[in-house]
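Here is the structure we will look at.
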Amino acid sequence: MSAADYIIVGAGSAGCVLADRLSADGTKQVLLIEAGPADPEQNPDVQVPILFPRTFGSELDWGFETVPQATLADRAIPIPRGKALGGSSAINAQLWTRGHRADYDGWAADGYPGYSHAELLPYFERAEERIKLAGLRYPVPVTPAFLDACARLGHAPSAEQQEGYAVARATHRDGLRFSSADAYLGAARDRANLTVRADVQVSRVLFEDTRAVGVELAGPAGTEEIHTEGEVILAAGAVGSPHLLLLSGVGPAEQLAEHGITLVADVPGVGRNLTDHLLIPLAFEAQGFSSPGSDAGPEQIERYLKDRTGTLDSIISEALLFLRTDEELTAPDIEVVHLVVPIGEHQRPADDGLALGVILLRPDSRGSVSLRSADPADAPLIDPHYLTDEQGHDLATLVAGVRKAQAILQEPEFAKWRGEALTDGALAESTEEIVDYIRRTGGSIHHLVSTCRMGPTEADVLDLSFKVRGTSGLRVVDASAMPSIVRAHTHAPVTMLAERAADVILDER
């Protein structure tokens with residue numbers, strides 16, 4: 001059957017934007033397909049801001065993890081990805097950061113016309129007309145102390161330039177999470193030309209020669225094919241989109257042959273260039289305060305849902321600092337996230353604590369997403385190759401960043417709130433000890449990008465209209481399309497990118 005002019009796969013940060021914008025004028029039939037449930041907002045762990053970590057490993061999470069990372073003590077690193085309407089915006093930490101001017105001006109200089117900071121700013125502003133943003137209503141007392149420590153060490157307030165310190169902005173409405181589904185699908189779902197199907201998984205894209213003509217679904221009722229004479233748009237994220245392309249015969253010919261998949265188009269870059277932000281948690285016991293949500297039982301949650309007051313409003317990451325480890329740099333290379341819970345796996349667990357997360361903003365290391373097998377039910381192999389750049393720049397930058405965070409931890413007004421370190425080495429002084437700590441504790445902050453990179457050359461998976469090279473009728477619009485990683489938590493940049501992609505697609509009608 002011919003079901004739609006546009007079939008959009010994945011209802012996350014990008015897919016919800018596309019579904020709304022492409023159906024807005026009523027002239028085209030749009031089908032949005034999501035593997036997870038249609039009503040995640042019914043779950044208090046989704047609604048209540050502080051409870052989002054409880055969604056990790058649940059039915060709302062794909063539950064991915066990396067292959068063991070030799071550079072991180074052979075540990076497999078969890079990679080939560082949202083599986084519900086709203087995608088990862090339904091389970092993430094709700095931070096909204098645009099990125100630095102240098103990120104986008106760098107894209108423009110690298111051959112991406114229309115992608116300078118000035119040209120993309122209207123798309124951020126358009127997104128922010130939909131996405132509800134809020135500051136902290138009930139900050140934990142330790143948060144002002146973090147901001148004061150940053151100021152005493154010579155850092156400046158960040159304002160909009162995203163360098164320096166600031167209280168976090170969160171995707172909230174009236175004390176509850178506000179996902180992409182809330183922002184873009186609310187009124188749109190009543191349109192006669194938009195159909196949303198949830199709880200069904202796309203197993204592959206269907207082709208006639210090299211033209212995408214539909215998708216194959218796997219659901220409770222079995223296998224189903226849906227055809228289109230228009231376009232298929234993958235918005236399944238930096239893991240899901242390359243995985244679907246590979247399963248469908250689009251990717252490196254050698255890898256597809258290895259798994260017995262019929263070749264549609266030899267596109268070597270599919271799944272390559274995986275880039276992620278690595279986070280190092282410096283975690284400590286609490287001293288003089290309790291972590292919000294550490295004792296959140298059913299009664300406290302029910303009370304919060306009724307009156308929306310109290311520290312369950314926290315998003316854990318209550319304040320941010322973007323800094324340069326070398327004054328000769330033109331933009332930050334490290335972010336320090338102030339966290340009011342002791343995140344990470346540690347030698348000595350604690351319910352109440354704080355942490356500073358040291359994030360490598362512009363890693364040189366590159367990894368991959370590849371097939372585990374030809375079975376769509378098998379998760380792909382995710383290998384970020386953390387800390388593997390030949391020059392060792394990533395590790396050196398993290399060491400410098402850890403030292404910057406340690407200086408904050410030792411500022412008297414902030415230090416009084418922390419007790420003992422939860423893992424030996426959090427305040428280590430020697431380079432060797434800090435490197436050892438990084439390898440034992442480092443993990444993902446879940447900002448995977450660029451696995452179907454858009455670009456101006458034939459080596460790029462997508463052209464500048466988000467079309468998959470070597471095919472027709474097929475685009476990818478999500479974090480996987482990003483030319484390179486930006487100095488930001490990726491929800492806002494991906495939403496912006498989808499807003500721009502919608503204009504590109506609409507202009508071709």
Filter result (open to solvent by less than 10 Å² (accessible area, probe 1.4 Å) and among the aliphatic types (A, V, I, L, M)) within the stretch 340-358
Val340, Leu354, Ala355, Leu356, Val358
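I'm checking my understanding of the structure. Among residues of the stretch 436-449 that are open to solvent by 60 Å² or more (accessible area, probe 1.4 Å) and in contact (Cβ under 8 Å) with a residue 60 or more places away in the chain, which one is farthest from Leu354 (Cα to Cα)?
Filtering the stretch 436-449 for residues that are open to solvent by 60 Å² or more (accessible area, probe 1.4 Å) and in contact (Cβ under 8 Å) with a residue 60 or more places away in the chain, the one farthest from Leu354 (Cα to Cα) comes out as Arg439.
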Which residue out of Arg500, Arg475 is in contact (Cβ under 8 Å) with a residue 12 or more places away in the chain, among the charged types (D, E, K, R), surrounded by fewer than 24 Cβ atoms within 10 Å (Cβ to Cβ) and over 30 Å from Leu356 (Cβ atoms)?
Arg500
Take the residues in the stretch 245-256 that are among the hydrophobic types (A, V, I, L, M, F, W, C) and open to solvent by less than 10 Å² (accessible area, probe 1.4 Å), then tell me which one is farthest from His491 (Cα to Cα).
Leu256
Filter the stretch 1-58 down to residues that are among the acidic types (Asp, Glu), outside any loop (DSSP other than H, G, I, E, B) and open to solvent by 50 Å² or more (accessible area, probe 1.4 Å), then give me how many there are.
1
How about the stretch 95-211: which strands (runs of 3 or more DSSP E) wholly inside it have at least 3 residues that are modelled with pLDDT of 95 or more and over 30 Å from Ala407 (Cα atoms)?
194-197, 201-208
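Could you go through the stretch 226-243 and let me know if any residue there is open to solvent by 70 Å² or more (accessible area, probe 1.4 Å), at positive phi and part of a loop (DSSP other than H, G, I, E, B).
Of all residues in the stretch 226-243, those open to solvent by 70 Å² or more (accessible area, probe 1.4 Å) come to 229.
If we keep only those that are at positive phi too, we end up with none.
No: the stretch 226-243 contains no residue that is open to solvent by 70 Å² or more (accessible area, probe 1.4 Å), at positive phi and part of a loop (DSSP other than H, G, I, E, B).
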Are there any pairs with C-beta distances below 8 angstrom linking a residue in the stretch 409-435 that is farther than 13 Å from Leu282 by Cβ and in contact (Cβ under 8 Å) with a residue 60 or more places away in the chain to a residue that is open to solvent by 30 Å² or more (accessible area, probe 1.4 Å) and part of a helix (DSSP H, G or I), with the two at least 6 apart or on different chains, and if so which?
Glu411/Asp148; Glu411/Arg152; Glu413/Asp148; Glu413/Arg152
For the stretch 148-190: of the residues being within 18 Å of Arg101 (Cα to Cα) and hydrophobic (A, V, I, L, M, F, W, C), which is most open to solvent (accessible area, probe 1.4 Å)?
Ala159
How do the pairs read when you match residues in the stretch 333-351 that are more than 26 Å from Ala488 (Cβ to Cβ) with residues anywhere that are of a type outside the set (D, E, K, R) and open to solvent by 10 Å² or more (accessible area, probe 1.4 Å), using Cβ under 7 Å and keeping only pairs 6 or more apart or on different chains?
Ala350/Pro342; Asp351/Ser294
Quick count over the stretch 280-297, residues being open to solvent by 20 Å² or more (accessible area, probe 1.4 Å), out of contact with any helix residue (DSSP H, G or I) (no Cβ under 6 Å at 6 or more places or on another chain) and not charged (D, E, K, R), is 6
Output the number of the condition that Leu395 fails; it satisfies all remaining conditions of (1) open to solvent by less than 20 Å² (accessible area, probe 1.4 Å); (2) closer than 25 Å to Pro68 by Cα; (3) outside any loop (DSSP other than H, G, I, E, B).
(1)
Hey, Leu194 closer than 28 Å to Met454 by Cα and open to solvent by less than 70 Å² (accessible area, probe 1.4 Å) or not
yes
Apart from one, (1) crowded, with 22+ Cβ neighbours inside 10 Å; (2) touching a Leu at 6+ places or on another chain (Cβ under 9 Å) all hold for Ser88; the odd one out is (2)
Which of (1) under 18 Å from Ser365 (Cβ atoms); (2) surrounded by 23 or more Cβ atoms within 10 Å (Cβ to Cβ); (3) hydroxyl-bearing (Ser, Thr, Tyr) is the odd one out, the single condition Ser484 does not satisfy?
(2)
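The values are calculated or read from the model by the stated rules, or taken from the named source; none is laboratory data. Every value quoted in this text rests on a predicted model; they were computed, and no experiment measured them. Virtual Cβ from ideal backbone geometry, glycine too; neighbours counted across all protein chains shown. Only protein heavy atoms, including side chains, enter the accessible area calculation; ligands, DNA and RNA are left aside. Shrake-Rupley method; radii C 1.70, N 1.55, O 1.52, S 1.80 Å.
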